[in-house]
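Take a look at the structure set out below.
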Amino acid sequence: MASLPGLTESLQPIDIDNNFNEPHRLSVPQASEWRVQVPPESTLTIKVLSGIAEIFGTELANDVDYCFQGTKFALYAVEPIELEWKCPELSESISDETSMINVYNLHFALEKMRISSFDGPRVLIVGDSSTGKSSLAKTLCSYAIKYKQYQPLYVNLNPQDGIFSPPGCLSATPISDILDVESNSWGQSMTGGA
């Protein structure tokens, strides 16, 4: 037994740098985005201390911890924000080059159409892979629910996405509640498919 590697060595505590457990403070100017990519093996904890911040159109409450793992998102500063974050490994940047003003304009144009028509507007979002189609759809659904109690119908025509359905299916799903910003699987079925 003593010949097995590691059995005769004494157990020594590993010296781990705990700087990542200490909160970092960050200021994000108004109309800017904090773009974040969290690796699957890391967890990012965010707490908004002051100001109004949104992720996919959903406002984050102040002084509440939000945890993210293995995801990529942009936190938009509606007004100047102060936040605390903790994460051992994080790819992040602040950018004032954002398309949110266009998203707001689109939302208000759709809102005018909702007021003037009983059926409401129909929007088709098309584009290349990884160009923000799902992010735009999440944001528009959140705004439609947040500003008035509309129930947008989200139709997914890409069977590879598996949004609100098992992979390989198309779906038409009414969105009736604000989306959970901490969830990596917005609208994705938890079934794996064959």
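The values are calculated or read from the model by the stated rules, or taken from the named source; none is laboratory data. Every value quoted in this text rests on a predicted model; they were computed, and no experiment measured them. Ideal geometry is used to build each Cβ from the backbone, glycine not excepted, and the neighbour counts take in all protein chains shown. We work out accessible area using only protein heavy atoms, side chains counted, and drop any ligands, DNA or RNA first. Shrake-Rupley method; radii C 1.70, N 1.55, O 1.52, S 1.80 Å.
What about Tyr143, is it of a type in the set (Phe, Trp, Tyr), at pLDDT below 90 and part of a loop (DSSP other than H, G, I, E, B)?
Values: of a type in the set (Phe, Trp, Tyr): yes; at pLDDT below 90: yes; part of a loop (DSSP other than H, G, I, E, B): no.
Judged against the criteria, Tyr143 is not a match.
Which one is farthest from Tyr147 (Cα to Cα) among residues in the stretch 110-133 that are of a type outside the set (S, T, N, Q) and open to solvent by 100 Å² or more (accessible area, probe 1.4 Å)? Walk me through how you get there before you give the answer.
Kept after step one, since they are of a type outside the set (S, T, N, Q), are these residues of the stretch 110-133: 110-115, 118-128, 132-133.
Still in the list and also open to solvent by 100 Å² or more (accessible area, probe 1.4 Å): 112, 115, 118-119, 122, 124, 126, 128.
Numbers: Lys112: 12, Ile115: 12, Phe118: 17, Asp119: 17, Arg122: 18, Leu124: 21, Val126: 25, Asp128: 30 Å.
The residue in question is Asp128.
Restricting the stretch 146-174 to residues that are closer than 17 Å to Asp119 by Cβ and not in a strand (DSSP E or B) leaves a set whose member that is most open to solvent (accessible area, probe 1.4 Å) is Gln149.
Can you tell me how many residues in the stretch 65-108 are basic (Lys, Arg) and under 16 Å from the mean Cα position of the chain (by Cα)? Walk me through how you get there before you give the answer.
Residues of the stretch 65-108 basic (Lys, Arg): 72, 86.
Applying the additional criterion that residues be under 16 Å from the mean Cα position of the chain (by Cα) yields 72.
Count: 1.
Condition (residue is charged (D, E, K, R) and surrounded by 16 or more Cβ atoms within 10 Å (Cβ to Cβ)) applied to the stretch 93-106: is it met by at least one residue?
Applying the first criterion (charged (D, E, K, R)) to the stretch 93-106 yields 96-97.
Now restrict to residues that are surrounded by 16 or more Cβ atoms within 10 Å (Cβ to Cβ): none.
Within the stretch 93-106 (the criterion being charged (D, E, K, R) and surrounded by 16 or more Cβ atoms within 10 Å (Cβ to Cβ)), the answer is no, since none of the residues qualifies.
Evaluation of Ala74 against the conditions (1) out of contact with any Asp or Glu (no Cβ under 6 Å at 6 or more places or on another chain); (2) among the hydrophobic types (A, V, I, L, M, F, W, C); (3) within 14 Å of Glu33 (Cβ to Cβ) shows that the sole unmet condition is (1). Residues that are farther than 19 Å from Asp180 by Cβ and surrounded by fewer than 19 Cβ atoms within 10 Å (Cβ to Cβ) within the stretch 59-85 comprise Val78, Glu79, Pro80, Glu82, Glu84, listed in sequence order. Each residue in the stretch 129-150 was checked for being without any contact (Cβ under 8 Å) to a residue 12 or more places away in the chain and of a type in the set (Phe, Trp, Tyr), and 0 pass. Checking each residue in the stretch 39-58 for being under 19 Å from Thr98 (Cα atoms) and either surrounded by 16 or more Cβ atoms within 10 Å (Cβ to Cβ) or free of Cβ contacts under 8 Å to residues at least 24 places away in the same chain (or both) picks out Gly51, Ala53, Glu54, Ile55, Phe56, Gly57, Thr58. Looking at this structure, is Pro23 touching a Lys or Arg at 6+ places or on another chain (Cβ under 7 Å), open to solvent by 60 Å² or more (accessible area, probe 1.4 Å), modelled with pLDDT under 95 and more than 22 Å from Ser142 (Cβ to Cβ)? Against the criterion (touching a Lys or Arg at 6+ places or on another chain (Cβ under 7 Å), open to solvent by 60 Å² or more (accessible area, probe 1.4 Å), modelled with pLDDT under 95 and more than 22 Å from Ser142 (Cβ to Cβ)), Pro23 qualifies.
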